[in-house]
Amino acid sequence: TSTAVVDRTDRELDDPVDVIFGTRLGGGTDINRALAYCQSRITRPAETVVVLISDLYEGGIRDEMLQRVTAMKASGVRFVTLLALSDEGAPAYDREHAAALAALGAPAFACTPDLFPEVMAAAIERRPLPVPDPG
């Protein structure tokens, strides 16, 4: 299992869903470390959206992770957490961490690939997230 940070900046973002599904990493989770890297790369906070793709089972330092999200949001960064992109339904995730992020104003959601662009647009524009149609 690896917790190395992998920068995907060089990837073409014509299809974000393809980038998300096409990336295979080691499976470790150190969200705090990843957010520290992201935080160090932000030069225009008001124009930045951080999308954390995780099940939120943190292997790093939880309090520092939440402090980083707080600091990024305070600087003007828009922050959203994508719990899963799946056709199968609700993912397994750390509900305590999701609630803590939501309390900071950082929405956490799961969705199907088809709904992803609409949900992300709503998150970026700070609109209410659309609720998937159950049937």
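Just so you know, all these numbers are worked out from the coordinates, no wet-lab data involved. Everything numeric in this text was worked out from a predicted model, so none of it was measured.
Values computed for the structure shown
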| item | result |
| --- | --- |
| Linear extension gain, LEU104 paired with ASP63, 0.36 nm per residue minus alpha-carbon span | 13.5 nm |
| Gain on full stretching of the segment that runs from GLU96 to ALA36 - 0.36 nm per residue minus C-alpha separation | 19.5 nm |
| Gain on full stretching of the segment that runs from THR48 to THR112 - 0.36 nm per residue minus C-alpha separation | 20.7 nm |
